[in-house]
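Structure first, commentary second.
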Amino acid sequence: MIIAIAPDKYKGTLSSRQAAEAMREGVLAVCPDAEIHIVPMADGGEGTAEIIAPEMGYARYEAVIHAPVEGLPLTTSVYYYHPENKTVLFDSATAVGLSLVPAGKRDIMRTSSAPVGELLSIVQERHDVRQAIIGLGGTANCDAGLGMVLYMARFKVHMPQIVGLYDAGVPLLAHAGKPSALTFAPQKGADADDMAMLEMRLRKAIKMMPEGDPDTPGAGAAGGLGFAILAMGGKLMRGVDIVAGDRISVLHPDLVITGEGRIDRQSAMGKVLSYFIEYHRTTSTPVIAIGGCVDADCTISTDSPASPRGNDLTAIIAADSYEPRDVHPITPEVAAWRIREAIVDRLKAYI
């Protein structure tokens, strides 16, 4: 039996490769003769460049840049460069990631995407760059990318082509109740007062950058950094499609096991699970998803007869339903144990 293990990261606890190793151990405990292929995944957010770069011949570099919030120490960012293709590749999170801002220092109204422009400036000085590929996700900003645009204009940074890889195919703004860049602002520290100000900021950015289309899927990714890329003449692509490529299909697996830290209604908006929903529908290959936790209002359906929406995936399993439950915060060891336990408990039903 050929089994492809292809999870995203379990944010805050396990990288995609660490999660895959935990899944592999669980599979071997149930099906020791399985032919297992580990295919770490990403969706355009943190970890995307690290997965793509080695397989495509990029070399790794570092650059010291300013933090996304004024007053914080300088930070070391990672980028990748391909001399033959003259292409630079990096995650926007390496420059303006939420993880770069301590919880007590988070202030979404003062957080700028300017460090992305600064990193592009450094890269341009060091290399002959014709194209930049930027993973969009996991950022602390919500400024429609205006900080990046203004920095590049001030320091005359010209990038011939920019491609943004989005993890959430949302527009910059949307009607109330619909997902947009503002949907992710609360998890970046925005309160109720901030939300009104942020909407005004994004509407102002639309007027300042009329070349961009705010309704394009992905325009709202990375706090609107996707919109700024469009305004600069760049293009957006779904990150998971680039990461997946033909890495799954060439294996012709009998079963796929995937997962991410939280499975919720956002998981189908361009994240790794959205790719495997389409893969399951088009190939009928069984796909099992293991979430670190699964929201009760998750709209992704399974093959269960009780499902109201058909078969998006074969099964969704919540790892946090397994003991121990009293560990806070969840350690990598506990997260890996839960994933292994979930597979050992449930996999027999699908092989």
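Given only helices, namely DSSP H runs of n ≥ 4 each adding -39500 (n - 2.57), what is the per-residue ellipticity at 222 nm of the chain, to the nearest 500 deg cm²/dmol?
Values: 10 runs with 107 residues, N = 351.
Using -39500 (n - 2.57) per qualifying helix, the result is -9000 deg cm²/dmol.
Please work out how much length the chain gains when fully extended from residue 156 to residue 326, using 0.36 nm per residue of separation minus the C-alpha to C-alpha distance, in nm with one decimal. Each step should come with its number before you reach the end.
Numbers: separation 170, 0.36 × 170 = 61.20 nm, distance 5.33 nm.
Working it through step by step, the gained length comes to 55.9 nm.
What are the ³J(HN,Hα) couplings of region 121-138, residue after residue, when phi is run through the Karplus curve with 6.51, -1.76, 1.60 and θ = phi - 60°? Round to Hz, x for glycine and proline.
In residue order, the calculated couplings are 5, 5, 4, 5, 5, 8, 9, 8, 10, 9, 8, 10, 10, 10, x, 10, x, x Hz.
What accessible area per residue, rounded to a whole number of Å², is obtained for region 194-351 using a probe radius of 1.4 Å?
Details: 7290 Å² over 158 residues.
In whole numbers, region 194-351 has 46 Å² accessible per residue.
Can you give me the % of accessible surface on region 234-351 that is carbon or sulfur? Probe 1.4 Å, all protein chains present, nothing else counted. Show your work: numbers first, answer last.
On the way: 2830 of 5480 Å².
The nonpolar share, carbon plus sulfur, comes to 52 percent.
Kindly report the accessible area of region 1-119 per residue (heavy atoms of protein chains, probe 1.4 Å, no ligands, DNA or RNA), in Å².
Numbers: 4930 Å² over 119 residues.
On a per-residue basis, 41 Å².
Work out the FRET efficiency for residue 61 and residue 250 from their Cβ-Cβ distance, taking R0 = 35 Å, and round it to the nearest 0.05.
Details: r = 30 Å, r/R0 = 0.86.
Efficiency, rounded to the nearest 0.05: 0.70.
Largest first, how would 127, 280 line up by accessible area (1.4 Å probe)? Could you put the intermediate results ahead of the total?
Values: 127 30, 280 10 Å².
In descending accessible area the options line up as 127, 280.
Below 11 angstrom from the Cβ of residue 198, what's the summed charge of the other residues (Lys, Arg +1; Asp, Glu -1)? Each step should come with its number before you reach the end.
Values: positive: 188, 201, 203, 204; negative: 143, 191, 193, 194, 199.
Overall, the nearby charge balance is -1.
What's the carbon and sulfur percent of region 1-150's accessible surface, probe 1.4 angstrom, rounded to a whole number? Kindly include the intermediate steps, with their values, before the conclusion.
Working: 2880 of 5860 Å².
Looking at region 1-150 in its full context, I get 49 percent from C and S.
Just grab the label-to-label distance for residue 199 and residue 278, each label 7 Å out from Cα along the Cβ direction, in nm (one decimal).
Label-label distance for residue 199 and residue 278, simple model: 3.1 nm.
The values are calculated or read from the model by the stated rules, or taken from the named source; none is laboratory data. Just so it is clear, the structure is predicted and the values come from calculations on it, not from any experiment. Note that each Cβ is placed from the backbone with ideal geometry, even for glycine, and that neighbours are counted across all protein chains shown. For accessibility, only protein heavy atoms count, side chains too; no ligands or nucleic acids. Shrake-Rupley method; radii C 1.70, N 1.55, O 1.52, S 1.80 Å.
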